[in-house]
Amino acid sequence: HRALQLIESGKAPDSWSPFKNKEDVLASLNYAIGFYLHKSNPDAAIASLIRAAQIDSDRKTSPSTYYYLALAYQSGPYKKLSADYSTRFANKAETPESKTALENVYKVVDKIIDAYARAVALAGNDAQNQKAKAAWMQLLTDFYKFRHETSDAGLNEFIAGVLAKPLPPP
């Protein structure tokens, strides 16, 4: 955090080595913060990972950036909203309040779907990523079916076009 503060305030080292440039350092530091916080402080992790993904660097095109973003959404907002919905509204008649609560769950699920789709799309055919890609694809399919009445129709098209869309805000 301190290194980010110094760089963003205009301080700079004589050389950015071993990084390519300032943007690469900023993205890498934000990624590291997101990686380390995705379990203990998912909301902070989400903000850091989104910042890492928005900076023009290798982190923007790294599948792991989006994988950890999806995990942070799952362990943070999704877990809280889903538990709240289950506690307050499960097996009860629909009300305007329950409908709003479910819509809030869906908004987070849509961000999880987007993040996993980006991870899968960026993994491509890279041999190093194939095992992880298969796991990400399974998680993506499960969330996608949850949002699309148990159907995966349109999923491949969604993956193919996801990188052309802006990253959803937190």
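The values are calculated or read from the model by the stated rules, or taken from the named source; none is laboratory data. All figures in this text were calculated on a predicted structure; none of them were measured in a lab. FYI the Cβ positions are ideal-geometry reconstructions off the backbone, even for glycines, and counts take in every protein chain you see. In case anyone asks, the SASA skips ligands and DNA or RNA and just uses the protein heavy atoms, side chains included. Shrake-Rupley method; radii C 1.70, N 1.55, O 1.52, S 1.80 Å.
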Which of (1) at positive phi; (2) in contact (Cβ under 8 Å) with a residue 60 or more places away in the chain is the odd one out, the single condition residue 70 does not satisfy? (1)
Only listed residue being modelled with pLDDT under 95, over 22 Å from residue 166 (Cβ atoms) and within 20 Å of the chain's Cα centre (by Cα), chosen from 80, 39, 92, 22: 39
Answer with yes or no whether residue 114 is within 24 Å of residue 42 (Cα to Cα) and surrounded by 17 or more Cβ atoms within 10 Å (Cβ to Cβ). yes
Inspect the stretch 16-36 for any residue being more than 23 Å from residue 119 (Cα to Cα) and acidic (Asp, Glu) and give the result as yes or no. no
Output the residues belonging to the stretch 76-87 that are exposed (fewer than 12 other Cβ atoms within 10 Å of the Cβ) and over 18 Å from residue 143 (Cα atoms). 87
Of the residues in the stretch 18-74, those that are assigned to a helix (DSSP H, G or I), among the acidic types (Asp, Glu) and open to solvent by 50 Å² or more (accessible area, probe 1.4 Å) come to 23, 43, 58
State all residues of the stretch 141-170 that are assigned to a loop (DSSP other than H, G, I, E, B), small (Gly, Ala, Ser) and open to solvent by 40 Å² or more (accessible area, probe 1.4 Å); if no residue qualifies, say none. 151, 153
Flag if residue 43 is among the acidic types (Asp, Glu) and within 24 Å of residue 131 (Cα to Cα): no
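For every residue, the table says whether it meets (1) more than 21 Å from residue 38 (Cβ to Cβ); (2) crowded, with 20+ Cβ neighbours inside 10 Å; (3) among the β-branched types (Val, Ile, Thr).
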| position | (1), (2), (3) |
| --- | --- |
| 94 | yes, no, no |
| 99 | yes, no, no |
| 103 | yes, no, no |
| 109 | no, yes, yes |
| 137 | no, no, no |
Can you tell me which condition residue 6 does not meet? The list is (1) modelled with pLDDT under 95; (2) assigned to a helix (DSSP H, G or I); (3) open to solvent by 70 Å² or more (accessible area, probe 1.4 Å), and all the others hold. (3)
